[in-house]
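Here the structure is laid out as structure tokens; the discussion comes afterwards.
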């Protein structure tokens, strides 16, 4: 009798265990304010990111506005076959790849180099002045920036052509030469965005342990070796992450910039997938063809970022998945 009474008493003292869902509900209620803060971001991503993805089904239908999405007939992969048999789309695709490679080889390393060189400047007033000057172009829209480029590069009275004329060279119509359009796009992107993109690298450099520099100086390292063996390795994780993100947007080379700088003369080298989608989809109301092109663009970006992530992990670098 005594033993049973003791066991009953112990059972009463043990805490009652809740089920999984009841325990989850209690934890959610205890953190209800934090979850409430997540409602707005979740609503944004659902309405403007996930819900519109349902419209990709248009790429597999012969879309009619009168019939709507559900009433339009299925055509399978006909739009994709039409795209890859269209010489204008293939021209836009190769132009996009060319500009994307130039951005990857020139535009991406530019802020890294700027951050490394700014980090070597010891005069703080001069350093802040340079940072301010290189940051300012980012806050100009591409419409304003392109207008400034048109004025500066004008063959009639532009500053660059005036200097060329004074030096005895012929004036150059920069915006009327297809072979100069892609270099002009890359150069203008470097001048406009390099300063702003360097901020994250400068922030990363500021987190590097200063005792590493002190120890290296005591071992006889000069400033070049400090940059090479301490600063660059300290930036490696940031560079790898941003490179993976850049690869994910490989075929998105900047619609706004190219659209405002583009004209009919330079279409042979300046037409890209996004401007092709604008002309065909918006101006000609071929929403099905445009959706197919956009879906192809997105799939290529997904495949490239997943592949780059796997390669980075095999090389011992952290991925993004």
Tensor-based shape of region 184-228 (alpha-carbon gyration tensor, a/c under 1.5 rounded, otherwise prolate or oblate)
oblate
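At 222 nm, what helix-only mean residue ellipticity would the chain give, in deg cm²/dmol to the nearest 500, using -39500 (n - 2.57) for each DSSP H run of four or more?
So the calculated ellipticity at 222 nm is -20000 deg cm²/dmol.
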If 185, 133, 190 are placed from fewest to most neighbouring beta carbons inside 10 Å, the sequence is 133, 190, 185
Let me know the shape class of region 258-302, please: from the alpha-carbon gyration tensor, a ≥ b ≥ c as square roots of the eigenvalues, rounded when a/c is under 1.5, otherwise prolate if a/b is greater than b/c, or oblate.
oblate
Residues listed by number, region 97-141, amide nitrogen under 15 Å from residue 223 label point at 7 Å toward C-beta:
114-128
Can you compute the modelled spin-label distance between residue 206 and residue 157, with each label point 7 Å from Cα toward Cβ, in nm?
4.4 nm
Give me 271, 309, 98 ranked fewest to most by other Cβ atoms within 10 Å of their Cβ, as a rough exposure proxy.
98, 309, 271
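Mean separation of Cα pairs under 8 Å and 6+ residues apart, divided by the residue count of region 170-321: what relative contact order is that in percent? List each step's numbers first, then the result.
Working: 94 pairs, mean separation 45.0, N = 152.
With pairs under 8 Å counted, the relative contact order is 30 percent.
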For 245, 33, what's the fewest-to-most ordering of other Cβ within 10 Å of each Cβ?
33, 245
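Let me have the relative contact order for the chain, percent, based on Cα pairs under 8 Å that are six or more residues apart.
Averaging sequence separation for qualifying contacts and normalising by length gives 25 percent for the chain.
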Check: C-alpha center region 158-178 vs C-alpha center region 283-302, spacing in Å is 39 Å
Specify the residue with the greatest mean-square fluctuation among 285, 110, 162, computed from a Gaussian network of the chain linking alpha-carbon atoms under 10 Å apart.
162
If you average the alpha carbon positions of region 26-60 and of region 67-107, how far apart do those two centres end up, in angstrom?
29 Å
Does region 172-246 classify as rounded, prolate or oblate by the C-alpha gyration tensor (a ≥ b ≥ c root eigenvalues; a/c under 1.5 gives rounded; else a/b over b/c gives prolate, otherwise oblate)?
prolate
Here are labelled values, (i) 23.4; (ii) 20.8; (iii) 24.9, and one is the computed Kirkwood radius over Cα pairs in Å for what I pasted. Which one?
(iii)
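Bear in mind that the values in this text are calculations on the coordinates, not laboratory data. A quick note: this is a predicted structure, and the numbers were derived from the prediction, not measured. Ideal geometry is used to build each Cβ from the backbone, glycine not excepted, and the neighbour counts take in all protein chains shown.
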